[in-house]
Amino acid sequence: MSSTENVTETLRIAAPSELTERLEFSLERLAESSSCWQPVDSDQVIIEAYFETAEDAARAANALTMQLMDWTGGTTGWSITQAALPEKDWSQAWKAFFHVDRVSERIVIRPSWEPYTPLAGDCVIQIDPGMSFGTGQHETTRGCLRFLDALMRGERLVPPPGFLDLGCGSGILAMAAAKLGCQPVLALDIDEEAVTIAVENITINGSQDQIRVTTGDVACLTLDRPFDIVAANILAPVLIEHAASIAATVADGGALLLAGILTTQYDAVRAAYLPLGFEECQCVRDGEWTSGQLKKTSASR
């Protein structure tokens, strides 16, 4: 896991406010952390993104430039400025943007420096900003966490439902599943850095004996058996391309939680899964993003 104490470089991105969610989603993987605000009487959002090195910041600036040109159709109406950031400024300033966050009825995300006394039934996960893979604040992650919380309410199931986290990132969904009673729990990501971060976070939260983390592609995943709950927080083109492989990981009668989907792409993603034996239970829109909960019918194979 990257340490926020080593942050030395920043990008300041000014862009149309309707691109906020897209930029934040990109920066979850590109930056150590980021914060955003919208000036009064302005239709632009300002995002500060933080990096360990000037080279990391430059690579991110290039990637964001290509995305912004694609989203806006040109080079006007947005800007990216790179600058050095004194370590002493960052070491305190970034903490102001992160606090204890109740993302669902029972799931609470807290940074390590902020105390929190759990309420009865709370599922508390310690995640610090400063990694490239999310802290539960993004709309897509929140959607999955809320679906999962609702699925695991009531009496503990015997045997407990198995949980598969595809595109695990920081491991936050896998940790929530384990703390809510899922077993076994398997977390998978194609990115080796994400797997390293997930393992560290899982260890910090004391869930290392409950969760197995592995590097790999869902298309090549070999399972002993399908899982009762599968979360796939992956970009829409990947969800569509690998629909058959993802569908095969879900047990008959099981739940598939789909996220990472822009609202404009959700219908296409859903359409890829309905012929594979799924029915939609619900979908929730949050900003520009939509998450869906599907059920695999007992007749599907």
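The values are calculated or read from the model by the stated rules, or taken from the named source; none is laboratory data. The shown structure was predicted, so the numbers you read here are calculated from the model rather than taken from an experiment. We place every Cβ from the backbone using ideal geometry, glycine too, and count neighbours over all the protein chains shown.
Brief remarks on what is shown
- Leading residue by the ranking (surrounded by the fewest Cβ atoms within 10 Å (Cβ to Cβ)) among those in region 156-173 that are at pLDDT 95 or above and in contact with a Phe, Trp or Tyr (Cβ under 7 Å, 6 or more places away or on another chain): Gly162
- Any hit, region 33-47, residues being charged (D, E, K, R) and surrounded by 12 or more Cβ atoms within 10 Å (Cβ to Cβ): no
- For region 214-234, the set of residues classified as closer than 13 Å to Cys168 by Cα and either among the polar types (S, T, N, Q) or surrounded by fewer than 17 Cβ atoms within 10 Å (Cβ to Cβ) (or both) consists of Thr214, Thr215, Gly216, Asp217, Asn233, listed by residue number.
- Which numbered condition Ala272 misses (of (1) of a type in the set (Gly, Ala, Ser); (2) at pLDDT 95 or above; (3) closer than 20 Å to Leu173 by Cβ; (4) surrounded by fewer than 21 Cβ atoms within 10 Å (Cβ to Cβ)): (3)
- Scanning region 67-82 for residues that are in a helix (DSSP H, G or I) and in contact with a helix residue (DSSP H, G or I) (Cβ under 7 Å, 6 or more places away or on another chain) returns Gln67, Trp71.
- Where helices (runs of 4 or more DSSP H) fall wholly inside region 186-255, no range has 3 or more residues that are touching a Phe, Trp or Tyr at 6+ places or on another chain (Cβ under 8 Å) and free of Cβ contacts under 8 Å to residues at least 40 places away in the same chain.
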